[in-house]
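See below for the structure under consideration.
All of the numbers you see were taken from the coordinates with simple rules; none came from a lab. For clarity, every value in this text was computed on a predicted model and none was experimentally measured. FYI the Cβ positions are ideal-geometry reconstructions off the backbone, even for glycines, and counts take in every protein chain you see.
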Amino acid sequence: MWQIILPIVVVYLLTILISLFLTLDKLVRLEYSDHRPMWEKDGKPRGVFWRASETRKLFGIDIRSEWAFNRLSFVWLFSTPEWMHSDPRAIRLVNRLRILTFIWNASILLPIIVILVMVQNK
C-alpha cells in the first residue's frame, strides 16, 4: 500500500513546493522589473531560481540579497506592501503565494497531527 501512496505524496509535495518557489520568483521579478525603487529599498532580493544581474557575484552569493529574499518571503505572507496594492498582478501572485504556503504547511502538519491523535487514542 505504501509503495503506491508514498510516490503520489512525494509528487504532490514537490508540485506544491515548486509552484510556491516559482510564485516567489515571479513576485520578486515583478518587483524588479516594474517597481525597481522598491526592489532596491527591499535590499535587492533574489528569487529562488532567478537572480538579477546586480545580485550575482563572481565568487559566491550576495549575502544582502539572500537576507532580503529570506525576510520578504516571510513578510509577504502576513503583510502586503504598498507597491503591491497598485499592481493587480502582484496581488494575484501574493495571494497565490499565501495559498500555496498554507497548502504546503497543512500538507506537512496534517499527517503529523493525525498520527499524534491516533497514538494518543490507543
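Some notes on this structure:
- In this structure, Val114 and Ile18 have a Cβ-Cβ separation that, at R0 = 25 Å, corresponds to a calculated FRET efficiency of about 0.50.
- Against the compact-protein benchmark of 2.2 N^0.38 Å, the Cα-based radius of gyration of the chain scales to 1.31.
- Partners for Lys44 among lysines (Cα-Cα distance below 25 Å; same-chain residues under 8 apart left out): Lys26, Lys57
- Order of Phe74, Phe21 - criterion: other Cβ atoms within 10 Å of each residue's Cβ, fewest first: Phe74, Phe21
- Prolate/oblate/rounded label for the range 77-122 (Cα gyration tensor, a/c 1.5): prolate
- Were the residues from Ile8 through Arg71 laid out at 0.36 nm apart, the gain over their Cα-Cα distance would be 19.5 nm.
- Alpha-carbon centroids, the range 1-37 and the range 78-117: separation in whole Å: 11
- Each of Leu24, Ile5, Leu116 was scored by the projection of its Cα onto the charge dipole of the chain, and the greatest displacement toward the positive side belongs to Ile5; charges sit on the C-beta of Lys, Arg, Asp and Glu.
- Helix-only [θ]222 nm of the chain, DSSP H runs n ≥ 4, -39500 (n - 2.57) each, per residue, nearest 500: -25500 deg cm²/dmol
- Per-residue Karplus couplings for the range 22-32, computed as 6.51 cos²θ - 1.76 cosθ + 1.60 with θ equal to phi - 60°, are listed in order as 5, 5, 4, 4, 4, 5, 5, 5, 5, 4, 5 Hz, Gly and Pro entered as x.
- Between helix 88-120 and the chain there is an angle of about 30 degrees, using the helix long axis and the longest principal axis of the Cα atoms.
- Label-to-label distance, His85 versus Phe102, with points set 7 angstrom from Cα along the beta-carbon direction: 2.2 nm.
- Over the range 1-40 - Rg/Rh using Cα atoms and the Kirkwood inverse-distance radius: 1.38
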